[in-house]
Protein chains: 2
Amino acid sequence: MEQSAESGKQHDASLYFSRDFNKMASFAELGALARAPYDLTAPDALSPARIRRYRTHAAGFDLLYSTQRVDEPVLAALQKLAEESGAVAQFRLMKKGAVLNRIEGYASEERQVLHTACRDIFAPGSQAPEATEQAKGELVKLADFLTALEAGSIVNAAGEVFTDLIQVGIGGSDLGPRALYLALAAYKFPGRRVHFISNVDPDDAAATLSGLDLSRTLVNVVSKSGSTLETMTNEALVRKAFSEAGLEPERHFLAVTGKGSPMDNPARYLRSFYMFDSIGGRYSATSMVGAVMLGFALGYPQLLEILRGAQAMDLAAEEEDILCNPPLLLALLGIWNHSFLGSETLAILPYSQALVRFTAHLQQCDMESNGKSVTRQGKPLAWKSGPIIWGEPGTNGQHAFYQLIHQGTAIVPVEFIGFRTSQHGSDLMIEQTTSQEKLVANLLAQALALATGQPEDNPNRRFPGNRPSSLLLADRLTPYTMGALLALYEAKVVFQGFIWNINSFDQEGVQLGKRLATRLLAHYAGRRQDPGYSGEESDALGWALLGAAGMLSPERG
Amino acid sequence: MEQSAESGKQHDASLYFSRDFNKMASFAELGALARAPYDLTAPDALSPARIRRYRTHAAGFDLLYSTQRVDEPVLAALQKLAEESGAVAQFRLMKKGAVLNRIEGYASEERQVLHTACRDIFAPGSQAPEATEQAKGELVKLADFLTALEAGSIVNAAGEVFTDLIQVGIGGSDLGPRALYLALAAYKFPGRRVHFISNVDPDDAAATLSGLDLSRTLVNVVSKSGSTLETMTNEALVRKAFSEAGLEPERHFLAVTGKGSPMDNPARYLRSFYMFDSIGGRYSATSMVGAVMLGFALGYPQLLEILRGAQAMDLAAEEEDILCNPPLLLALLGIWNHSFLGSETLAILPYSQALVRFTAHLQQCDMESNGKSVTRQGKPLAWKSGPIIWGEPGTNGQHAFYQLIHQGTAIVPVEFIGFRTSQHGSDLMIEQTTSQEKLVANLLAQALALATGQPEDNPNRRFPGNRPSSLLLADRLTPYTMGALLALYEAKVVFQGFIWNINSFDQEGVQLGKRLATRLLAHYAGRRQDPGYSGEESDALGWALLGAAGMLSPERG
């Protein structure tokens, strides 16, 4: 269907899928340019004209990049890199349902990558009609459910409306949804609250449950496989708490899962929503994984605003001109810093307390996508894959780790995120400026300080400068701009994977730890069944590790 | 006094203060050894005997390091490095009040470094009697205040007891205290809660204030200088909220500040507590900066337990044998990975949801201390200074960024932190193991997987191994072990600074951004006074940046 209709185009563009990063002409050009990158500390290197010129925008966001170490030749070579790698062509194929989650010639997931279809629901002609229809179908179910909640036709056993919702999930079923909820809590229905349980640490669940009136609480259990160890464990813990409180779980529990998973059992859940194989966990915040919780917290219209913002950015990501495509430009600036100027990490620093968990989401989205070591043909990479992503909100970080960013021996490129007005609107003028103005002034000042540095006789007070940053600015953090920001980073990550020729959509690296944990857990179970049990023979190494960790002392049986 | 009594010893040991890292014999030895580091992936390289042997302990913590790429020659060279650099000798001098916060020959802070004195209060003979007496004096004031709160002799205007406390502070006045509060929330007085406002983002304060009954809330304002922009702004915001609620701030507000600061004004505060110049913000969690809030939340006896744990670890840090000194050994293993094996970052991954903000605290403590580029003699460093610190609690991280740690092209050393039993004790047996057992099994499994890796025909499922980690394990996260863990990392950071010959106690790198922010803010104030104001002439660059950021449009005046 979808794919066959597109097969002609797909055939051409698929040539890009095996193009190695270091074989492109632009790779050599950029390598040569990197020997003498633009010097931001030279007199007038950072001029008002440069600041005004190196600026683009899409979907409510301005991207300012005058404080990057780039000039016209570098930007031209980055444009060429985008073209040689077919970055935009691959992005378009992705949106149309190409099977991009694969490794040629080896067993791999062999899946489409269609998180964009969750938002491609507004115009008549979707690029991936089947996935869009699925997404719309789930949205209709969700809208019905939310209406029934608001109308009071779905209530607890005592006839009361639900006030709270606990999202039980981990990884992509937790980080993206949690980041969005915290970002948009200013927009939630009065009296509705959302809580999250993710860690298998029993203290996590205990701390969350302790403060809640369970009789008025919904529980949204999210797991595509329906078998995620942590989520199943936490679901059982929470179900037990409901039972002990004399409540019927099937009146309170919702499921978001894959069709046919062990959790796909409507008898156990008040409502079930589906997630699909074409959407990986770390790209699933705009699917039902985030939508059910966000719909409960913010209402259906605000949920649609998130999707609308994401859709607008997905469209901007199709621009061939890198200067008109913020996600692609951000991806290329990242590659310039990481692959050519040699930085190993990227700090993402939102000047917005509401984005307190957004960097944690991007840590997953980026590092799980691009922390790879083979090409899409299964060959060992001859170049570095994705950076380490880290960061905390400003201005807090200024009082914490910025010392190293300014004066440490490592260069840390920065992506600043800011908003011109606050969400709550409650602000106070002190010394003739508002808090929000102080916040933005600090953001801009940091970019300036990092770029230009400052000479000084006292060597300990010298700032070397030439520390690159980009600035993302929008008017206000709203559901729309949040959706756009989310999609911007999703697209950025995907573009980098295309250009590095890696599969950004699988996560084989998490398997070994899981298998070894199962091996160790078997020893606990063995001891529990037989007090004389020993793992010495079957698994000397694991048994020694448990012993050295103090986990085999008699009182822990 | 203290210093002069010690002057003989101090003179000898002060030779160490100018010993360059790359001039020591052990530096060359370690460089040679790093060409063929221990191969953890070789058959039986990670043996049960090695696991049992590479293990030490202090103050309730076991440190397991068999999964580091070290062998006997490396450990011997690290011991030599410790001795050549006089790491322990310098630590002892620090505890006795040596002026270690300085740069020779240049204007610098010229201060003692005496955070250890806050906990050196239990035995009769403190190593820094004057600082200890100061600390004890503040503790007595705090104990009196807490007793009065509990006895109901300090109450609000309506005669009700206080239930909530808001800590207003930023950087060290926020991160350490917040990390400790969250870590120990399981031990708090029923009905007492603590909240934090740090960011100058007005949404941060608004979100916190919105859910509180201010009439029963104390506000603890923490700033050594009494002039921190964010803290003064937030104090004003919160005072305004109290006034608007018809409450008298001086019945609710506490101050923790330096003697003689603008905040040292008892008329404005219910109680004032002092902090001293010899304790830097990032080392201040066990001073009044953390103690007032922790005393309110946990009670005085539990606060003393934190100090007792810290004191025990401070003593362990004085052991000359690195194999009996966990903070020093951890510091040296870090130097091995960072300076000799070339890793740029360090992931600190607690398998405890309660430690959710501990890594953020360590980000400050470590990166602000060791993110430097000159020696203590003001010469440019010819070696790398401190690493980038990042991380999130496990098992959550396993579902997020571990992909890159296992299979990415960058090597990320890891420090795992875990506990054998949970805090809340509410747990559930699923498939014959408890959640806490699953948590610890996952921690151990990750260390094993990272070290040994796994060969595999499918290159995308191959794990290269030789990714180093250390494991810190204690029985339970209690006030005592939390204090020990905090002190362990403080000492680790300080040891690394001693060995790299950098000043770990100043933070000149934060100044330039502050100055530039002030310059930008002047333009807002200018526009506010004069609608025709322009910064074009006086500051073309700053004015252009404000314009490009969209901050000069007419509606933002």
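The values are calculated or read from the model by the stated rules, or taken from the named source; none is laboratory data. It should be emphasised that the depicted structure is a prediction, and the values quoted were computed from it without experimental measurement. All Cβ positions, even for glycine, are placed from backbone atoms using ideal geometry, and neighbour counts span all protein chains on display. Only protein heavy atoms, including side chains, enter the accessible area calculation; ligands, DNA and RNA are left aside. Shrake-Rupley method; radii C 1.70, N 1.55, O 1.52, S 1.80 Å.
I want to check the label-to-label distance for A:Ser225 and B:Lys240. Put each point 7 Å from Cα in the C-beta direction and report it in nm to one decimal.
That separation, rounded to one decimal, is 5.2 nm.
Given R₀ = 56 Å, FRET efficiency for B:Asp213-B:Ala76 by Cβ-Cβ distance, to 0.05? Please report the intermediate quantities before stating the final value.
Working: r = 61 Å, r/R0 = 1.09.
In this case the efficiency is close to 0.35.
Which loop-located GluC sites (Glu not before Pro) does region A:305-356 contain, where loop means any DSSP state but H, G, I, E or B and the Cβ has at most 16 other Cβ atoms within 10 Å? Mind dumping the intermediate values first?
Values: sites: A:Glu305, A:Glu318, A:Glu319, A:Glu320, A:Glu344; in loops: A:Glu318, A:Glu319, A:Glu320, A:Glu344.
Within region A:305-356, the qualifying GluC sites (Glu not before Pro) (loop, at most 16 other Cβ atoms within 10 Å) are A:Glu318, A:Glu320.
Which of the listed residues, B:Leu114, B:Leu333, B:Phe189, is farthest toward the dipole's positive end in chain B, when Lys, Arg count +1 and Asp, Glu count -1 at the beta-carbon?
B:Leu333
Mind listing the Cα extents of region B:509-548 along all three principal axes, in Å, largest one first?
Each principal axis gives a Cα extent; for region B:509-548 these are 35, 18, 16 Å.
Just from its helices, what would the mean residue ellipticity at 222 nm be for chain B, if runs of 4 or more DSSP H residues each count -39500 (n - 2.57) and the sum is divided by every residue, rounded to the nearest 500 deg cm²/dmol?
-13000 deg cm²/dmol
Under a Cβ-only charge scheme (Lys and Arg +1, Asp and Glu -1), can you give me the dipole magnitude of chain A about the Cα centre, in debye to the nearest 20?
Values: 50 positive and 60 negative charges, 36 e Å.
Roughly 180 debye for chain A.
From Cα pairs below 8 angstrom and at least 6 apart in sequence, can you work out the relative contact order of chain A, rounded to a whole percent? Don't jump to the answer; show the numbers that get you there.
Details: 963 pairs, mean separation 108.0, N = 557.
Relative contact order, chain A: 19 percent.
List, in order, the whole-Hz ³J(HN,Hα) value for each residue of region A:444-461 obtained from phi through the Karplus relation with A = 6.51, B = -1.76, C = 1.60 and θ = phi - 60°; use x for Gly and Pro.
The phi angles translate into 5, 4, 5, 4, 5, 4, 4, 6, 8, x, 6, x, 5, 5, 6, x, 6, 10 Hz.
Let's see if you can work this out: charge +1 on each Lys and Arg Cβ, -1 on each Asp and Glu Cβ, no other charges. What is the dipole magnitude of region B:129-308 about its Cα centre, in debye to the nearest 20? Provide the component values of the computation, followed by the final result.
On the way: 16 positive and 20 negative charges, 53 e Å.
In debye, rounded to 20, region B:129-308 gives about 260.
Could you tell me the center-to-center distance, by alpha carbons, between region A:284-340 and region B:287-359 in angstrom?
39
I'd like the interface area for chains A and B: accessible area of each alone minus the complex, both sides summed, 1.4 Å probe, protein heavy atoms only. What is it in Å² to the nearest 100? The partial results should precede the final answer.
Values: alone 23780 and 23790 Å², together 35340 Å².
Using a 1.4 Å probe on protein heavy atoms, the buried area is about 12200 Å².
How would B:Lys438, B:Lys514 rank on accessible area, largest to smallest, probe 1.4 Å? Let's see the in-between values first.
Values: B:Lys438 5, B:Lys514 100 Å².
Result of the area sort, largest leading: B:Lys514, B:Lys438.
Between copies, how far apart are the B:Ala245 label points? List them in nm, one decimal, shortest first, with each point 7 Å from Cα toward Cβ, please?
For B:Ala245, the inter-copy label distances come out at 2.7 nm.
Rounded to a whole number of µm²/s, how large is the Stokes-Einstein D of the protein assembly as shown at 10 °C and 1.306 mPa s, given Rh as the Kirkwood radius over C-alpha pairs? Show your work: numbers first, answer last.
Numbers: Rh = 30.1 Å.
This corresponds to a translational diffusion coefficient of 53 µm²/s.
For region A:132-308, state the semi-axes of the equivalent ellipsoid (square roots of 5 times the eigenvalues of the alpha-carbon gyration tensor), sorted largest first and rounded to whole angstrom.
Details: eigenvalues 90, 73, 52 Å².
Result for region A:132-308: semi-axes of 21, 19, 16 Å.
With charges only on Cβ, +1 for K and R and -1 for D and E, what is the dipole size of the protein assembly as shown about its Cα centre, in debye, rounded to 20? Intermediate results must be reported in sequence, preceding the final value.
Details: 100 positive and 120 negative charges, 44 e Å.
I would put it at about 220 debye.
Could you pull out every residue, at least 5 positions away or on a different chain, whose amide H is within less than 5 Å of the one on A:Phe273? Hs are placed 1.01 Å off N in the peptide plane, and Pro or chain starts have none.
A:Ala255, A:Val256, A:Thr257
Picking from B:Thr433, A:Gly172, B:Gln302, whose Cα lies most toward the positive end of the charge dipole for the protein assembly as shown (charges on Cβ: Lys, Arg +1; Asp, Glu -1)?
Value computed over the given set: A:Gly172.
Can you give me the distance in nm between label points at B:Tyr533 and B:Asp457, each placed 7 Å from the Cα along the Cα-to-Cβ direction?
Once both label points are built, they end up 7.3 nm from each other.
Say each of B:Ser153 and A:Arg476 gets a label point 7 Å from the Cα, pointing the same way as Cα to Cβ; how far apart are those two points in nm?
Simple spin-label model gives 5.1 nm for this pair.
Once R0 is set to 22 Å, what does the formula 1/(1 + (r/R0)^6) return for the Cβ-Cβ distance between B:Asp144 and B:Arg192, expressed as a FRET efficiency to the nearest 0.05?
E(calc), rounded to 0.05, equals 0.75.
Just the accessible area for A:Leu521, please: 1.4 Å probe, Å², rounded to the nearest 10?
Approximately 20 Å² of A:Leu521 is accessible to the 1.4 Å probe.
Based on the alpha-carbon gyration tensor of region B:347-416 and its eigenvalue square roots a ≥ b ≥ c, which shape applies: rounded if a/c is under 1.5, prolate if not and a/b is larger than b/c, or oblate? All intermediate terms of the calculation are to be shown ahead of the outcome.
Details: a/c = 4.43, a/b = 1.77, b/c = 2.51.
Oblate, since a/c reaches 1.5 and b/c is not below a/b.
Working with all protein chains in place, sort A:Met94, B:Met429 by solvent-accessible area computed with a 1.4 Å probe, largest first. Before the final figure, lay out each step's value.
Values: A:Met94 0, B:Met429 100 Å².
Reading off the accessible areas and sorting them downward yields B:Met429, A:Met94.
Among A:Ser534, A:Ala548, A:Gly513, which residue has its Cα positioned farthest towards the positive end of the charge dipole of region A:509-548, with +1 placed on the Cβ of Lys and Arg, -1 on the Cβ of Asp and Glu, and the dipole taken about the Cα centre?
A:Gly513
From the label point of A:Gly532, set 7 Å along Cα to the beta carbon, how far off in nm is each other copy's matching point, shortest first?
Relative to the other copies, A:Gly532 has label-point distances of 10.0 nm.
Say R0 is 25 Å: what FRET efficiency, to the nearest 0.05, do A:Ala540 and B:Glu431 get from their beta-carbon distance? Display every interim value, and only then the final one.
On the way: r = 24 Å, r/R0 = 0.95.
Approximately 0.60, to the nearest 0.05.
List the pairs from A:Lys514/B:Lys372; A:Lys379/B:Lys384; B:Lys224/B:Lys372; B:Lys188/B:Lys438; B:Lys23/B:Lys96 whose alpha-carbon separation is above 30 Å, in the order I gave them. Intermediate values should be presented prior to the final figure.
Details: A:Lys514/B:Lys372 39 Å; A:Lys379/B:Lys384 32 Å; B:Lys224/B:Lys372 23 Å; B:Lys188/B:Lys438 26 Å; B:Lys23/B:Lys96 27 Å.
Exceeds cut-off: A:Lys514/B:Lys372; A:Lys379/B:Lys384.
Using a cut-off of 13 Å between beta-carbons, work out the net charge of the residues near B:Ser470 (Lys and Arg +1, Asp and Glu -1, B:Ser470 not included).
Working: positive: B:Arg55, B:Arg69, B:Arg467, B:Lys492; negative: B:Asp62, B:Glu415.
Local net charge: +2.
Can you give me the C-alpha center-to-center distance between region A:394-472 and region B:368-440, rounded to a whole angstrom?
Distance between centres, Cα-based: 26 Å.
Quote the accessible area belonging to A:Glu84 in square angstrom, nearest 10, computed with a 1.4 Å probe and with ligands, DNA and RNA left uncounted.
Surface open to solvent at A:Glu84 totals about 40 Å².
Residue-wise, which Karplus ³J(HN,Hα) couplings in Hz belong to region A:81-87, taking 6.51 cos²θ - 1.76 cosθ + 1.60, θ = phi - 60°, and x for glycine or proline?
Taking θ as phi minus 60°, the curve returns 4, 4, 6, 4, 7, x, 4 Hz for region A:81-87.
Using a 1.4 angstrom probe and counting only protein chains, how large is the accessible area of A:Tyr480 in Å², to 10?
The accessible area of A:Tyr480 comes to roughly 70 Å².
Using only the heavy atoms of the protein chains and a 1.4 Å probe, how would B:Leu315, B:Leu488 rank by accessible area, largest first?
Values: B:Leu315 90, B:Leu488 0 Å².
The residues order as B:Leu315, B:Leu488, largest area first.
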